[in-house]
1. Of all chymotrypsin sites (Phe, Trp or Tyr not before Pro) in region 14-68, which ones are in loop regions per DSSP and have a Cβ with at most 11 other Cβ atoms within 10 Å?
2. Using θ = phi - 60° and the Karplus curve 6.51 cos²θ - 1.76 cosθ + 1.60, what whole-Hz ³J(HN,Hα) does each residue of region 18-29 get, with Gly and Pro shown as x?
3. Among [x] -0.28, -0.34, -0.46, -0.92; [y] -0.65, -0.68, -0.74, -0.94; [z] -0.26, -0.30, -0.41, -0.77, which is the computed log10 I(q)/I(0) by the Debye sum over Cα atoms at q = 0.11, 0.12, 0.14, 0.20 Å⁻¹?
4. Can you compute the charge dipole magnitude of the chain about its Cα centre, using +1 on each Lys and Arg Cβ and -1 on each Asp and Glu Cβ, nothing else charged? Give it in debye, rounded to the nearest 20.
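Quick note: the coordinates plus some simple rules give every number you see, no bench work behind them. As the structure is a computational prediction, the values presented were derived from the model and not from experiment. Cβ placement follows ideal geometry from the backbone for every residue including glycine, while neighbour counts extend to all protein chains displayed.
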Amino acid sequence: MPQYAITWTIDVDDADDPIDVARQALAVHPYYKPTSWATVVTVTDGADEYLVDLDPHGIGTEHAAPTCTTRPSSGP
C-alpha cells in the first residue's frame, strides 16, 4: 500500500518558538484531540525548518516532552 504525505499550511504570527507554533497550529485544527497520532509538524521561519514532534513517545500531547530538530530550509 502506498504511503502519502499531507501538507496543511497555517500562518502563526505570535509564538515564542517552533514548539509553541506547532501547539498553536494543532489547537485551531477542527479535528485535533490530545490523543491524536498526528503530532509531527514542520515549522519554517524563512531561514530554517524545524521538525517538531509534540508526542514523540505516543503518550498524549498533554503529558509528552516535545522534540524539535532544526535543519536548513529547503524553500526559496
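1. Working: sites: Tyr31, Tyr32, Trp37, Tyr50; in loops: Tyr31, Tyr32, Trp37.
Of the chymotrypsin sites (Phe, Trp or Tyr not before Pro), the ones in loops of region 14-68 whose Cβ has at most 11 other Cβ atoms within 10 Å are Tyr31, Trp37.
2. Listing the rounded values in order: x, 5, 4, 4, 4, 4, 5, 5, 5, 5, 8, 5 Hz.
3. Computing log10 I(q)/I(0) by the Debye sum over Cα atoms at q = 0.11, 0.12, 0.14, 0.20 Å⁻¹ and matching it to [x] -0.28, -0.34, -0.46, -0.92; [y] -0.65, -0.68, -0.74, -0.94; [z] -0.26, -0.30, -0.41, -0.77 gives [x].
4. On the way: 3 positive and 12 negative charges, 84 e Å.
Here the size comes out at about 400 debye.
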